[in-house]
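The values are calculated or read from the model by the stated rules, or taken from the named source; none is laboratory data. None of the values given here were measured: they were computed from a predicted structure. Here Cβ is always computed from backbone atoms with ideal geometry, including for glycine, and neighbour counts include all displayed protein chains. Note: areas computed on protein heavy atoms with side chains; ligands, DNA, RNA excluded. Shrake-Rupley method; radii C 1.70, N 1.55, O 1.52, S 1.80 Å.
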Amino acid sequence: MKTTAVTIRAQGAADVMTVETVDLDAPGPGEVQLEQTAIGLNYMDVYQRSGHYPMDLPSGLGLEAAGVVTAVGAGVRDVGIGDRVVYGPVLGAYAAHRNVPAARVIAIPDGISDETAAAVLMKGMTVEYLMCRAYPVKAGEDVLFYAASGGVGHLAGQWGRHIGARMIGVTSGEQNCREALACGYADAIDRRSENIAAKTRSLTQDKGVSVVFDSVGKATFEASIDALAPRGYFMSFGSTTGEAPPVPPGLLQHKGSLYFCRPTLANYIGTREDLVHSASKVLELVAAGILKVSISQRRPMSDIVDVHRAFEAGETTGSTIIIP
């Protein structure tokens, strides 16, 4: 069959992406074919498109989407035609129709829309692995979380509040600070006008925080180190301003016997068992109303170049949904 999909033949700026008509084969063994209804946007898409992460070319883009199963391949037992499902991460999500491994799809519970599922799955699983497994956040702890007004940040604030932690969010601008406070953060730091480390110290009576979740990288490395309490954990999970610098063991010693970790989602949902565990935790909290998903932008796939430009420039808040 014919369908439309985003293709890149070189990595670089947003305009390397083109929307093309492509051929789609019947699903192979262990695969399902989807008519996609909503596609999630993640910063990993920018990393892959830009060349931050090398890729084999030509390639599709996008890692998560929701849709309806229209065909199943040989050997597929637990997914049927007509099922609403969401998946991720599987490269090539920017498409109207596609085939994906049945082992990577998750049934969407009744009461959760396709758009919500596509907006929350990978971002929610990112929060789950960071705050429940990489560093299990406990009630009463002080937590510093970057990009608090973005899609992951919105969910982290709510999840941390649910745990009982004191969430301190870092974002930019007064409006984004207000938005962070509405999403579960007890305090918000404006990185444009405030010293992150000094403000964190002030908010914690100079103790520092137990853990920093830093998705920014190079530009905030020193602030994150200086915001930590002795024996604190620096969880580096992104690099929107470039990679954090090499970390000498002596620096961790002299700053208070700190721990530095660079985890990634792929290692926490690599097996079907881990994927189901993480996705189920996320969808349970959504269904219970504990996690409220903020979809701030809905754009057609034909606008994908402009979508990436705005996203990369930090001009969006909450989650963005791409409509095939």
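The table below gives the values:
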{"read-out": "Residue within the range 94-101 that is of a type in the set (S, T, N, Q) and either outside any helix (DSSP H, G or I) or buried (at least 24 other Cβ atoms within 10 Å of the Cβ) (or both) present", "value": "yes"}
{"read-out": "Inter-residue pairs, beta-carbon under 6 Å, first more than 22 Å from Val293 (Cβ to Cβ) and in the range 158-175, second open to solvent by less than 10 Å² (accessible area, probe 1.4 Å) and assigned to a helix (DSSP H, G or I), 6+ apart", "value": "none"}
{"read-out": "Subset of the range 127-146 [farther than 18 Å from Ala266 by Cα and touching a strand residue (DSSP E or B) at 6+ places or on another chain (Cβ under 7 Å)]", "value": "Val137, Glu141, Asp142, Val143, Leu144, Phe145, Tyr146"}
{"read-out": "Matching entry among Val72, Val100, Val85, Val76 (being within 17 Å of Ile322 (Cα to Cα) and among the β-branched types (Val, Ile, Thr))", "value": "Val85"}
{"read-out": "Close pairs from the range 240-255: first outside any loop (DSSP other than H, G, I, E, B), partner among the polar types (S, T, N, Q), Cβ under 8 Å, at least 6 apart", "value": "Thr240/Ser215"}
{"read-out": "Boolean, Gly169 is on the phi > 0 side of the Ramachandran plot and under 21 Å from the mean Cα position of the chain (by Cα)", "value": "no"}
{"read-out": "Single residue of Val16, Val22, Val32, Val68 found to be closer than 27 Å to Thr271 by Cβ, open to solvent by 20 Å² or more (accessible area, probe 1.4 Å) and over 22 Å from the mean Cα position of the chain (by Cα)", "value": "Val68"}
{"read-out": "Every residue from the range 88-105 that is closer than 21 Å to Ile8 by Cβ and touching a residue at least 40 places away in the same chain (Cβ under 8 Å)", "value": "Gly88, Pro89, Leu91, Gly92, Ala93, Tyr94, Ala95, Ala96, His97, Arg98, Asn99, Val100"}
{"read-out": "Residue count, the range 300-322 (criterion: surrounded by 16 or more Cβ atoms within 10 Å (Cβ to Cβ) and not in a helix (DSSP H, G or I))", "value": "7"}
{"read-out": "Val46 out of contact with any helix residue (DSSP H, G or I) (no Cβ under 6 Å at 6 or more places or on another chain), more than 18 Å from Arg104 (Cβ to Cβ) and either at pLDDT 95 or above or in a helix (DSSP H, G or I) (or both)", "value": "no"}
{"read-out": "Options Gly169, Gly160, Gly173, Gly184: the member that is of a type outside the set (Phe, Trp, Tyr) and in contact with a Phe, Trp or Tyr (Cβ under 6 Å, 6 or more places away or on another chain)", "value": "Gly169"}
{"read-out": "Search result, residues across the range 257-272 that are touching a residue at least 24 places away in the same chain (Cβ under 8 Å), in a helix (DSSP H, G or I) and within 18 Å of the chain's Cα centre (by Cα)", "value": "Leu265, Ala266"}
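Listed here are the residues, each with its yes/no results for (1) part of a helix (DSSP H, G or I); (2) charged (D, E, K, R); (3) out of contact with any Pro (no Cβ under 6 Å at 6 or more places or on another chain); (4) buried (at least 22 other Cβ atoms within 10 Å of the Cβ).
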| position | (1), (2), (3), (4) |
| --- | --- |
| Gly111 | no, no, yes, no |
| Glu115 | yes, yes, yes, no |
| Leu121 | yes, no, yes, yes |
| Glu128 | yes, yes, yes, yes |
| Met131 | yes, no, yes, yes |
| Lys138 | no, yes, yes, no |
| Leu144 | no, no, yes, yes |
| Val152 | yes, no, yes, yes |
| Gly157 | yes, no, yes, yes |
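Rundown of residues vs (1) of a type in the set (S, T, N, Q); (2) in contact with a Gly (Cβ under 7 Å, 6 or more places away or on another chain); (3) on the phi < 0 side of the Ramachandran plot, yes/no style:
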{"site": "Gly73", "(1), (2), (3)": "no, yes, yes"}
{"site": "Gly80", "(1), (2), (3)": "no, no, yes"}
{"site": "Tyr87", "(1), (2), (3)": "no, no, yes"}
{"site": "Val90", "(1), (2), (3)": "no, no, yes"}
{"site": "Tyr94", "(1), (2), (3)": "no, yes, yes"}
{"site": "Pro101", "(1), (2), (3)": "no, yes, yes"}
{"site": "Ala107", "(1), (2), (3)": "no, no, yes"}
{"site": "Ser113", "(1), (2), (3)": "yes, no, yes"}
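Let's see how each residue does on (1) over 10 Å from Ala148 (Cα atoms); (2) crowded, with 23+ Cβ neighbours inside 10 Å:
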{"site": "Gly164", "(1), (2)": "yes, no"}
{"site": "Met167", "(1), (2)": "no, yes"}
{"site": "Val170", "(1), (2)": "no, yes"}
{"site": "Leu181", "(1), (2)": "no, no"}
{"site": "Arg191", "(1), (2)": "yes, no"}
{"site": "Glu194", "(1), (2)": "yes, no"}
{"site": "Lys199", "(1), (2)": "yes, no"}
{"site": "Asp206", "(1), (2)": "yes, no"}
